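In what follows, a structure is listed as structure tokens, so that the remarks can point back to it.
Values in this text are rule-based calculations from the coordinates and carry no lab data. What you see is a predicted model; the values in this text were computed from it and never measured. Every residue, glycine among them, receives a Cβ derived from its backbone with ideal geometry; neighbour counts consider all protein chains shown.
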Amino acid sequence: MAQCEARLGQVCGIPSATQAAWSALAAVLAVDGPAPCEEGDPAAWWPAHGDDPDDVALAVRCCADCPARVECLAFALAADERDGIWGGLDRAQRLALARPMAA
Ligand code: SF4
């Protein structure tokens, strides 16, 4: 749990607009966690800081098995997370997903 708490802690100071999405993510992890990113190498989820494509691919596969994948992605979209893998998607994939919603 420590790695995920540290990772999730990096987005502490959450804007009020994203509190609901954050709470939903935290609620799922509290019941069904730990998330795979809690137990894996944090660098795999932060390709900007550890750009090994094999690590990123591993993170994406781990996210596919995460019980909080939907909530994680919803939070990242709500928070406009710029870095990292969230809900199994990288930034470019999240931007492509969010673009139609913003229009
Ligand atoms: S979907 Fe991926 S990044 Fe999000 S909590 Fe689960 S394992 Fe971590």
Check your understanding: Taking a spot 7 Å from the Cα of ARG99 along the direction of its beta carbon, which residues of the range 49-90 have an amide N less than 16 Å from it?
Key -> 90
Check your understanding: Between rounded, prolate and oblate, where does the range 24-102 land on the alpha carbon gyration tensor, with a ≥ b ≥ c its root eigenvalues, rounded for a/c under 1.5, else prolate if a/b exceeds b/c?
Key -> oblate
Review point. With Cβ to Cβ distances under 12 Å as the rule, what net charge do the other residues near ALA68 carry (K, R +1; D, E -1)?
Key: -3
Practice item. State, as an integer percentage, the relative contact order of the range 24-102 based on alpha-carbon contacts under 8 Å between residues 6 or more apart. Key: 30 percent
